[in-house]
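The next block holds one structure in the form of structure tokens; read it before the comments.
The values are calculated or read from the model by the stated rules, or taken from the named source; none is laboratory data. Everything numeric here is computed off the predicted structure, so don't read it as measured data. A quick note on method: Cβ atoms are made from the backbone with ideal geometry, for glycine too, and the neighbour counts reach across all protein chains shown.
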Amino acid sequence: MGHFMSTFDEREKAFENKFKRDQELQFKVKARRNRLLGQWAASKVGITGEAADKYAKEVVSADFEKPGDDDVVQKVIKDLGAKGAKVTEAEVRSEMGRLEVEAKRQLMESA
């Protein structure tokens, strides 16, 4: 068991180092994180299936409007608010942080 953990930790460390260097990988992680965020937001207002996927793609493309995460955060807050779901910026940002870890894990597993 101990041996397995260290192998995983080493892989994770290697992935982190690659992530820091690799623009394309950062781009993939961010896009996947934004897609997961879109799906999270959709589920908060009961949107599922194809409609949720479509919305998740919108969230991904919102990220290309301005550098940084603000455009994505504002879009999600505004869209959820329009559907009557109140979320705070802090909530959305904390979810983004959690989903970034998840996105890296998914990409690491498929690497």
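Hey, any hits in the range 28-37 for a residue that's surrounded by fewer than 18 Cβ atoms within 10 Å (Cβ to Cβ), within 24 Å of Glu91 (Cβ to Cβ) and among the basic types (Lys, Arg)? For the range 28-37, residues surrounded by fewer than 18 Cβ atoms within 10 Å (Cβ to Cβ), within 24 Å of Glu91 (Cβ to Cβ) and among the basic types (Lys, Arg): present.
When Ala51, Ala56, Ala14 are screened for being among the small types (Gly, Ala, Ser) and farther than 20 Å from Arg105 by Cα, only Ala51 passes. Here the helices (runs of 4 or more DSSP H) wholly within the range 1-72 that include at least 2 residues being among the aliphatic types (A, V, I, L, M) and touching a residue at least 12 places away in the same chain (Cβ under 8 Å) are 23-44, 49-62.
Of the residues making up the range 84-91, at least one is among the charged types (D, E, K, R) and at pLDDT below 95. Taking Val92 as the residue in question, decide whether it is part of a helix (DSSP H, G or I), under 11 Å from the mean Cα position of the chain (by Cα) and over 26 Å from Glu10 (Cα atoms). Taking the combined requirement at face value, the residue satisfies it. When each of Ala42, Ala62, Ala51 is tested for being exposed (fewer than 15 other Cβ atoms within 10 Å of the Cβ) and at negative phi, the lone residue that passes is Ala51.
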